[in-house]
Amino acid sequence: MEAKETPEEALKREMKEELSVDIIIDDLIGFFPDTYGEKGVPTINIFYFAKIKKGRLKAATDMAELKWFDLKKLPKKIAFQNSKDVLRLIQSMV
């Protein structure tokens, strides 16, 4: 997040910068604390349900790949614990 930016504004900006899409935020999923890096820097990760309003998904230059997965066929390796936690929650909702 940038200074004076709400989480929702940050999400919209990041989706535009990183994936070339404009989104509509539907609902807050929740807050998922975690740590990052070797030093275990505390993070708070905020997840939302959102829909693409305009644009086509396109990976930014700092991404190796962009790919969709079925919730029932997720990859075994998922980078962050907070991502695993939110995906487990979403799976329990469907």
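No lab work stands behind these numbers, since they all come straight from the coordinates. No experiment lies behind these values; they were computed from the predicted model shown. Positions of Cβ are generated from backbone atoms using ideal geometry, with glycine treated the same way; all protein chains shown enter the neighbour counts.
Quick notes
- Residue match in the range 13-25 (condition: exposed (fewer than 10 other Cβ atoms within 10 Å of the Cβ) and free of Cβ contacts under 8 Å to residues at least 24 places away in the same chain): no
- Qualifying residue in the range 54-74 (condition: surrounded by fewer than 14 Cβ atoms within 10 Å (Cβ to Cβ), not small (Gly, Ala, Ser) and not in a loop (DSSP other than H, G, I, E, B)): yes
- Single condition ALA10 does not satisfy, out of (1) surrounded by 13 or more Cβ atoms within 10 Å (Cβ to Cβ); (2) touching a residue at least 40 places away in the same chain (Cβ under 8 Å): (2)
- Among the residues making up the range 1-23, those that are of a type outside the set (Asp, Glu) and in contact with a helix residue (DSSP H, G or I) (Cβ under 9 Å, 6 or more places away or on another chain) are MET1, VAL21, ILE23.
- Here is the figure for the range 27-61: residues that are in contact (Cβ under 8 Å) with a residue 12 or more places away in the chain, over 13 Å from GLN81 (Cα atoms) and not hydrophobic (A, V, I, L, M, F, W, C) total 9.
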